[in-house]
Number of protein chains: 2
Amino acid sequence: MDGLLVTHLPDVRYLSGFTGSNAALVLAGGRAVLFTDGRYTAQAKQEARGLRVVIAKKAAAIAASEWLAAAKVRRCGFDAGRTTVLEMKAMQKAIKIMPAKRRRGFFTAVGPLVAELRWVKDSDEIRKMRRAAALGCRLFEGVLKKIVPGVTEASVAAAMEFGARMGGAEAMSFETIVASAKRSAMPHGKASGAKLPGRGFVTLDFGVVLDGYCSDMTRTVHLGNALPREREVYDSVLEAQLNAVAAVRPGVTAGEVDEAARKVLRRAGLARYFSHSTGHGVGLEIHEGPRVAAKQKQVLQPGMVITIEPGAYLPGTFGVRIEDMVLVTARGAEVLTPSTKAWIEL
Amino acid sequence: MDGLLVTHLPDVRYLSGFTGSNAALVLAGGRAVLFTDGRYTAQAKQEARGLRVVIAKKAAAIAASEWLAAAKVRRCGFDAGRTTVLEMKAMQKAIKIMPAKRRRGFFTAVGPLVAELRWVKDSDEIRKMRRAAALGCRLFEGVLKKIVPGVTEASVAAAMEFGARMGGAEAMSFETIVASAKRSAMPHGKASGAKLPGRGFVTLDFGVVLDGYCSDMTRTVHLGNALPREREVYDSVLEAQLNAVAAVRPGVTAGEVDEAARKVLRRAGLARYFSHSTGHGVGLEIHEGPRVAAKQKQVLQPGMVITIEPGAYLPGTFGVRIEDMVLVTARGAEVLTPSTKAWIEL
């Protein structure tokens, strides 16, 4: 393989700096060429400094394919997980000028090469992720006074999202989750028109996008006096979370970190209520590798940023989740979201 | 073809009502079967009433493929524009239990069948789109008092997004554009930390998602006294926009509507500054068909909802865009975003 076609936009951004919505990057023979369209002429030159930029009137991947066919590239890798069957058909058509023999196997699936490069963050990226995570913490701490019985989940989300914008975020990294009372038993309870109860849990799971990088954190607080069972489940989830964070260091596998959380919940009889994996990588995208899930063999390396977010969801009753962003350091781990995880009763 | 595999999530939602993030819908032999995972057991039963729901431990499309292989389906359509090369490979593997002969050509590309069904909205959808559009108008009217020199574009966006949440929106339909002064010359100038000028244009392009349906509108207002050239360009863009809206009725092509806008700007010498198409369909997704662009042969039908959004962008100087959502009615068109388009000087 002597060429690589990069079409997944976060990968293009990572390699070139270009943030437009139509882009393809070709790496071949020591050259890097960025393809986009007329909307981005000025922006591409500014963001992708030093790169050759081709402004095309068609989809960037197709323009790139035509360029590849005319260049002296023999075989070109592409990301099969980010290219649709229809795009591939159009890409094949775009290289029709090549002899049939050369065309056969020209595009070769290579898997998420660039995405895996992105798992390990460099110091500039870590600086940006620290800032995104810190903004997340400020939002949580600021919104506590808004968490009162009778206001809607949506109004809590609104306050956090307003704060995110005012703090410089360009967007939220996913639809804000504010799940109160019985809704806290849904791992993905997006903020709704439901009113916060006089008594019960409120789970806040939210993130900002700051300078391109995503934050992600979850805290669960309690309105009014808790029942013993509520407190018990909270303490178990917190213990599971702390145990998993303590397990993070270079050389351990993602599966071992998952198990560190899972075994605490198993001991507490809550394993069956922990219905998702312990975490995931985060960076330019809210969900990146490595997956922090049962049996994952991926070995953690310094510079990876992962979430640690065990939870327990008692169907129809209540749920608790606690999540931090954790940076794998040379010797262990650093929590990037240091807001308190101690029991909060409002 | 006696089966159809639907995997694009807005299509699944349209056909089944299910809103989860992992879903596939199989239509075969008069049956409809929804595939999702354990996170959505309760939600799927509630949202996709009357449908058979299969909870799987793998990606929904793969679970659906295994089901198809076991069922008496001979050929199954799939959406080649929404299925990656990698997914197709896994789908082929999932039907390995079928004899090789039956497997060949089992999955047949059918194009965006369901997406095209969605272009024409029914009365329930139109009601929801009216509400989303009306909320958009209220946000614009409410934010005018916040548009003052020295505040950041981001703070204007923050105020609108806060209002959207408080008005019941579950999200914004795209990253809010607040582009002031020279930044208004960028068609996609997302709200930044730039401060609003004492004198110059501010373009607001934004939309909410309310009950699943997207709104989309743009207004351009002016801070301080305008230069004659600014007013001239504004008036031309407005005339182009009104002319295109007036051209909307059943039976005309999308290309004719585009031309109605373009010819006004051509006459004004602004055609080369109108660097995008006139509009697009909108609904469960912010960008749907039909494309309202040059030479598009698609004939407009009652129930389609399209945007009409001509603009003129003078590089490095300023830009103007004005956009409405327009419903194609039995006899003509109805503007769903009736906020004033008259010149506003703040």
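The values are calculated or read from the model by the stated rules, or taken from the named source; none is laboratory data. All values reported here derive from a predicted model rather than from experimental measurement. Reconstructed Cβ throughout: ideal geometry from the backbone, glycine too, with neighbour counts over all protein chains shown. Note: areas computed on protein heavy atoms with side chains; ligands, DNA, RNA excluded. Shrake-Rupley method; radii C 1.70, N 1.55, O 1.52, S 1.80 Å.
Of note:
- Pick from region A:92-104, criterion open to solvent by less than 40 Å² (accessible area, probe 1.4 Å) and outside any helix (DSSP H, G or I), ranking: nearest to A:ALA59 (Cα to Cα): A:ILE95
- The strands (runs of 3 or more DSSP E) found entirely in region B:210-323 that carry 1 or more residues being farther than 30 Å from B:THR19 by Cβ, assigned by TED's automatic domain parsing to the domain that holds B:ARG127 and at pLDDT 95 or above are B:217-223, B:311-314, B:318-321.
- Beta carbons closer than 7 Å, at least 6 apart along the sequence or on distinct chains, pair a first residue in region A:1-19 that is among the small types (Gly, Ala, Ser) with a second that is buried (at least 22 other Cβ atoms within 10 Å of the Cβ) and in a strand (DSSP E or B) for A:GLY3/A:VAL26; A:GLY3/A:CYS76; A:SER16/A:LEU25; A:SER16/A:LEU34.
- Checking region B:289-300 against the condition returns no match, with no residue being open to solvent by 20 Å² or more (accessible area, probe 1.4 Å), more than 30 Å from B:GLY81 (Cα to Cα) and of a type outside the set (A, V, I, L, M, F, W, C).
- Meets criteria (open to solvent by less than 40 Å² (accessible area, probe 1.4 Å) and of a type in the set (Lys, Arg)) for B:ARG267: no
- Residue that is nearest to B:VAL209 (Cα to Cα), among those in region B:101-151 that are in contact with a Cys (Cβ under 8 Å, 6 or more places away or on another chain) and of a type in the set (Phe, Trp, Tyr): B:PHE107
- Number of the condition not met by B:VAL53 [criteria: (1) within 14 Å of another protein chain (Cβ to nearest Cβ); (2) within 19 Å of B:GLY17 (Cβ to Cβ)]: (1)
- Some residue of region A:29-47 being more than 12 Å from chain B (Cβ to nearest Cβ), open to solvent by less than 50 Å² (accessible area, probe 1.4 Å), in a loop (DSSP other than H, G, I, E, B) and over 19 Å from A:ALA109 (Cβ atoms): no
- Condition check for A:ARG75: assigned by TED's automatic domain parsing to the domain that holds A:VAL114, over 28 Å from B:SER275 (Cα atoms) and open to solvent by 30 Å² or more (accessible area, probe 1.4 Å): yes
- Residue within region B:57-68 that is free of Cβ contacts under 8 Å to residues at least 60 places away in the same chain, in contact with a Leu (Cβ under 7 Å, 6 or more places away or on another chain), surrounded by 19 or more Cβ atoms within 10 Å (Cβ to Cβ) and not in a helix (DSSP H, G or I) present: no
- Residue count for region B:301-321 satisfying the condition of being among the hydroxyl-bearing types (Ser, Thr, Tyr) and open to solvent by 60 Å² or more (accessible area, probe 1.4 Å): 1.
- Residues being closer than 21 Å to B:PRO338 by Cα, of a type outside the set (D, E, K, R) and surrounded by fewer than 19 Cβ atoms within 10 Å (Cβ to Cβ) - total across region B:138-155: 2
- Hey, A:GLU323 of a type in the set (D, E, K, R) and farther than 26 Å from A:ARG118 by Cβ or not: no
- When residues of region A:322-346 are limited to those that are open to solvent by less than 10 Å² (accessible area, probe 1.4 Å) and within 30 Å of B:ALA42 (Cα to Cα), the one nearest to the chain's Cα centre (by Cα): A:MET325
- Residue in region B:189-209 that is most open to solvent (accessible area, probe 1.4 Å), counting only those that are out of contact with any Gly (no Cβ under 8 Å at 6 or more places or on another chain) and in a strand (DSSP E or B): B:LYS190
- Of all residues in region A:172-181 being within 11 Å of chain B (Cβ to nearest Cβ) and not in a strand (DSSP E or B), the one that is nearest to the chain's Cα centre (by Cα): A:PHE174
- Residue that is away from chain B (no Cβ under 14 Å), in contact (Cβ under 8 Å) with a residue 60 or more places away in the chain, under 15 Å from A:GLU309 (Cα atoms) and not β-branched (Val, Ile, Thr), where the choices are A:ALA240, A:ALA226: A:ALA240
- Test result for A:ARG183, touching a His at 6+ places or on another chain (Cβ under 9 Å) and either open to solvent by 10 Å² or more (accessible area, probe 1.4 Å) or in the same structural domain as A:TYR14 (by TED's automatic domain parsing) (or both): no
- Within region B:288-346, the set of residues being in contact with a strand residue (DSSP E or B) (Cβ under 7 Å, 6 or more places away or on another chain) and on the phi > 0 side of the Ramachandran plot comprises B:GLY303 only.
- Those residues of region A:89-104 which are under 14 Å from A:LEU68 (Cα atoms) and within 14 Å of chain B (Cβ to nearest Cβ), in sequence order: A:ALA90, A:MET91, A:GLN92, A:LYS93
- The condition (being closer than 17 Å to A:SER236 by Cβ and among the β-branched types (Val, Ile, Thr)) is satisfied by just one residue among A:THR317, A:THR340, A:THR307, A:THR329: A:THR317.
- Count of residues meeting criterion [within 7 Å of another protein chain (Cβ to nearest Cβ) and either in contact (Cβ under 8 Å) with a residue 24 or more places away in the chain or in a loop (DSSP other than H, G, I, E, B) (or both)] in region A:76-86: 4
- Test: B:ALA169 is crowded, with 22+ Cβ neighbours inside 10 Å, assigned to a loop (DSSP other than H, G, I, E, B), assigned by TED's automatic domain parsing to the domain that holds B:HIS276 and not aromatic (Phe, Trp, Tyr): yes
- Inside region A:14-28, residues that are among the aliphatic types (A, V, I, L, M) and outside any strand (DSSP E or B) make up a count of 2.
- B:LYS89 vs. criteria in a loop (DSSP other than H, G, I, E, B), under 28 Å from A:PRO112 (Cα atoms), open to solvent by 60 Å² or more (accessible area, probe 1.4 Å) and not β-branched (Val, Ile, Thr): no
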